[in-house]
Each structure stands twice: as C-alpha cells, then as structure tokens.
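The values are calculated or read from the model by the stated rules, or taken from the named source; none is laboratory data. Computed from a predicted structure; not experimentally measured. Every residue, glycine as well, gets a Cβ built from its backbone with ideal geometry; the counts of neighbours run over all protein chains shown. Remember, those area values only see protein heavy atoms, side chains included, never the ligands or the DNA or RNA. Shrake-Rupley method; radii C 1.70, N 1.55, O 1.52, S 1.80 Å.
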Amino acid sequence: MYPQILTYLLTFIDYQEQIIRTVLTLLIGQSMFDKPKEAPVNQPYRKLLIDDLPILDKVEKLAYQLLLTEYLQSKGKPLKPVRRRANSTPVPSALCCPKCGAPSAYLYANNGGKGQYQCKVCACVFNKNSRYQKEAILKCPHCLKPLEKIKERKDFHVFKCKNDMCTYYQKNLSAMTKKEKKQFKEDPQSLKVRYIYRKFHIDYQPLSKQSPKQPKVDLSRLYVSPHTLGLILTYHVNYGLSARNPAAIRKDIHGVSVSHQSILNYENSVALWLKPYIDYFPYELSDQFCGDETYIRVNGRWHYLFLFFDAVKKVILSYPVSPNRDTATAIRAIDEVLVKLKEIPENLQLVVDGNPIYLLAQHFFAENQISFDVKQVIGLTNEDDVSREYRPLKQIIERLNRTFKGNYRSTHGFGSEQGSVSFVTLFVAYFNFLRPHSSLEGKVPVTIPELEKLPTMPARWTTLIGLAQDWIQHQQSAELLVS
C-alpha cells in the first residue's frame, strides 16, 4: 500500500509543479524554466587567402547586319546561312550569337551535339549554357585562362582556375613539403593551390553619401520638459541604468511619474534625430582605425554590433547592428568609415581581428577601385609580426567594447531591432560628444563650443538634440536652394 501512496504523491507533485510553470508563464509572458540558449560560439577563424583581382576580358559587341553588309561589299556576294545535312545536329531556333546577335540560321553545331556552337558571321565559339560569359570573361592573371564558377554563396560566387599548367598552381605544388603533398593527395580541398576569385553580387554602392532626411517625429509633442528628457538620457545612457530605473528615480526623487515604456519611446525619437548628425558630422580624424564585433541580445537572439574606432581621436565612426556576422555587414561598417574621410589616403590601414569577412570586404572595395590595407591581429598571443605590431590598436577597440558592455549590461538585451539601434546610436552620441576621456586629458573627443559652457549633463543632451535638429533643417534648406 505504501508504494501506491508514494506513487500518488509523486504524481500529484509533478502535476502541481506543471500548474505553477503554466501560471508563471502566462503571467510573465515567457517561460522561466526553459534551458538557457547557448552562448555565442567562440571558435578560431578559418584562415582565408585572397588572391589578386582577375583580368576582365570584355567581348566586343558587333552587329551581324553590318558584318553581312561588309561581306557583301568585299566578296561581291551575300553570306549564305548554314546548309545543314539531313542527319546533322539541329540548332535551337531561339539561339543566337552572343557576340554579334546572328540568328540560329548562321550557327554551326560545332562538336556533334555536345553544346558548343560557332557563328558563321563573326566566328565566335560559345556554349549554350554559358553564353552569358561571352559578355565579360574572367581570366586568371597568371595563365590568362578563363575561370570556372565552382560555388555560389550568399554574397558572392567563387571562380577557380582549373588550368593544370597555370604558373600559380605549379609554383604552389613545387613549394609543398612531403607531408603537404601526402595531405593534398588524400584531401585536395585541404590546401589552397589554385587561383580563386570571389565575384560579389551585393546590391551596395560604396561611398554613396545620401543627404539626411528629416525623421518622422516631432520632439515638441513629447509630454515631458526638455530638462526631464535630458535627465532620462543621462540616467539611461551615461550611467547605464535600465529603462525601469530612470522611471523609478524620476518618481521617487524628482516626483515625476514616467513609465519605462515612455522612456524607451522618447529615446527612439531622440535617436532618429541624432543619427544623421552623428553620421555626417565633419570629424577631424587621424590615420589609425581599428574595428571589431561584439555580441548583443535582441529579441532573445544573438546579434552583432560592428564598431570601428579612431584610436587617436577616440571617435566611434561606424556602429551597424546585424543579426549576422557576414561580409555584407562588414562592407557596410567599413563604408561608414570611408565616407567620413575627406579623401582616402593611399596608405590607409584598418586593424581588425582574424575574421575573414574583412578580407572579403577589402576585395569588394578593390573591385570598386577603392584600396586600403587590412591588418589582422590573430588570437590572444603575438604569433606573427603583424599581431605584434598592431596588438595595441586591437586592445584599444577591445576596451571600447568593454565600455559599451558596461552601459549595455543593465538592459539585459533589447526587445526589438529598433530598440537596439536606438540605444547604440545614443551611446555613440554620448561617447563622441559628451563623455570625457582620460587619454584626452579629460576632454571629450569632439569639442562643440555650445556644449562646453553648459554646467550639467541634461542641459548638454538637450542642446545636442537642438543642434542636430538645426543641422538637419539647414541641410534640407540648402538642398532646396540648389534645386
């Protein structure tokens, strides 16, 4: 009888525990008993080698009508279409020459139905499945042979030179040790010996400075005074308090009742006004730039904040937030740095970690005739000359990450992407224009006379917002006068 009673009690306890879980989940809106999601995986970056750009061989476009006219004038007779035998390989009627546009009547089936064709008008040889390549042929810079597309990635296609007599390939083979040759024989993909090129298809125009647009928000309609708004920003951004803490402080100390959701709404509105001002401000910059990514939590998932920083002037230049740590975001982050330069110096260097997306971004800009050097500091120990030389810059950007995390940690993550972007924008505004730095002898990175004479931080916040509003309106008035 006792075993039955014990079984009944255990069943009742399990049932009671399940009821408690359900009630708490309904009250809070999310389960408190699920296993925590995995932390971000910290794995060594895969080494990536970037080769030189290929040779772009553009095929001259011709008009078959003009070629037929020239043939008639030179030969005294017209060029006749191809005479096909009864058992010859047919040519699709919709097929035309990619070079001169001659119709199928002037095309030979060149290799017995295996897909190669030749134009009788301009002598162009092409393949039906790859005739689009005749518009622009990518060639290996070492052997001048056409490259072959081998992979399709999200942001780019991978092309490889498969010519066994290529000097690049032969040189890499001869430089192998016996151990590497054995490894290459067993697993040819483990070693890079052939020329590889990545052709990007990202719809992104670098260095395209767009005029700032007026945010769709009217700060004059906020139901708080400018001083109250300045206090909210000071508590939440400067001192890293969560949105609920400034709401409690306002009620307990200042006697003003403001909900935490109202605080978040105010900050989203202010961030919309400040972002164009931050992005287009005429900064005085040095030539020492470093970048890194750090993790933030957005709507329960890990996102990535890309930070690029002027290590001398202590100015944050780029701060995109993305759900992916990918090449497209690295391109965007670097582009936000380049647009702030009055001109791109010939010896521009960006110091980053070992993430290969920065090398791919460098290749993308090189395709658009924008050149700079990428210095990668690998790991935590100085195992190479580059890491030993540029480790101090990498440590500077790591300290910036820690400073941001000190302000971000109290938020416990963000409920939306808009909230994350707003908080990061306000942090950058505070860091660049309001926060004194010990390395700058207690001065702020960007000195604005209107802010220096103000005694309190809330007054500086409200004045900075006013400067941003005046600047945007001035830019729009100037555009109207030009148009």
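Can you find a residue that is in a helix (DSSP H, G or I) and loosely packed, with under 11 Cβ neighbours inside 10 Å anywhere in region 47-61?
no
Does Ser286 qualify as being outside any strand (DSSP E or B) and open to solvent by less than 10 Å² (accessible area, probe 1.4 Å)? Please lay out each step first, then the result.
Details: outside any strand (DSSP E or B): yes; open to solvent by less than 10 Å² (accessible area, probe 1.4 Å): no.
So Ser286 fails the test.
Being charged (D, E, K, R), open to solvent by 10 Å² or more (accessible area, probe 1.4 Å) and touching a residue at least 60 places away in the same chain (Cβ under 8 Å) holds for only one residue in Arg332, Arg325, and it is Arg332.
In the list Ile378, Ile448, Ile396, which residue meets the criterion of being within 30 Å of Phe200 (Cα to Cα) and either surrounded by fewer than 16 Cβ atoms within 10 Å (Cβ to Cβ) or among the aliphatic types (A, V, I, L, M) (or both)? First the steps, then the outcome.
On the way: Ile448 fails: within 30 Å of Phe200 (Cα to Cα); Ile396 fails: within 30 Å of Phe200 (Cα to Cα).
The match here is Ile378.
If you filter region 67-92 down to residues that are outside any loop (DSSP other than H, G, I, E, B) and over 17 Å from Leu107 (Cα atoms), you find that the one that is modelled with the lowest pLDDT is Lys75. Of all residue pairs spaced 6 or more apart or on separate chains, those with beta-carbon atoms under 7 Å, a first member in region 82-93 that is in contact (Cβ under 8 Å) with a residue 12 or more places away in the chain and a second member that is open to solvent by 50 Å² or more (accessible area, probe 1.4 Å) and in a loop (DSSP other than H, G, I, E, B) are Val82/Lys120; Thr89/Gly112; Thr89/Gly113. Val258 fulfils the conditions (1) among the β-branched types (Val, Ile, Thr); (2) at pLDDT below 75; (3) surrounded by fewer than 20 Cβ atoms within 10 Å (Cβ to Cβ) except for a single criterion, (3).
Scanning region 422-439 for residues that are buried (at least 20 other Cβ atoms within 10 Å of the Cβ) and either in contact with a Pro (Cβ under 9 Å, 6 or more places away or on another chain) or among the aliphatic types (A, V, I, L, M) (or both) turns up Val424, Leu426, Val428, Ala429, Phe431, Asn432, Phe433, Leu434. All of (1) at pLDDT 90 or above; (2) closer than 25 Å to Leu400 by Cα hold for Glu450 with one exception: (2). Looking for something within 17 Å of Phe289 (Cβ to Cβ) and either surrounded by fewer than 20 Cβ atoms within 10 Å (Cβ to Cβ) or of a type in the set (Val, Ile, Thr) (or both) - is there at least one such residue anywhere in region 408-421? Taking every residue of region 408-421 in turn, none turns out to be within 17 Å of Phe289 (Cβ to Cβ) and either surrounded by fewer than 20 Cβ atoms within 10 Å (Cβ to Cβ) or of a type in the set (Val, Ile, Thr) (or both).
I need the full set of residues from region 147-181 which are among the basic types (Lys, Arg) and either exposed (fewer than 11 other Cβ atoms within 10 Å of the Cβ) or touching a strand residue (DSSP E or B) at 6+ places or on another chain (Cβ under 7 Å) (or both), in order please. Don't jump to the end; show me each part of the working.
As a first pass, look at region 147-181 and keep what is among the basic types (Lys, Arg): 149, 151, 153-154, 160, 162, 171, 178-179, 181.
Those that are among the basic types (Lys, Arg) and either exposed (fewer than 11 other Cβ atoms within 10 Å of the Cβ) or touching a strand residue (DSSP E or B) at 6+ places or on another chain (Cβ under 7 Å) (or both): Lys149, Lys151, Lys154, Lys160, Lys162, Lys178, Lys179.
Could you list all residues from region 155-171 that are more than 30 Å from Thr329 (Cβ to Cβ) and among the β-branched types (Val, Ile, Thr)?
Here is the first cut: in region 155-171, the ones more than 30 Å from Thr329 (Cβ to Cβ) are 162-171.
Within region 155-171, just Thr167 meets the criteria.
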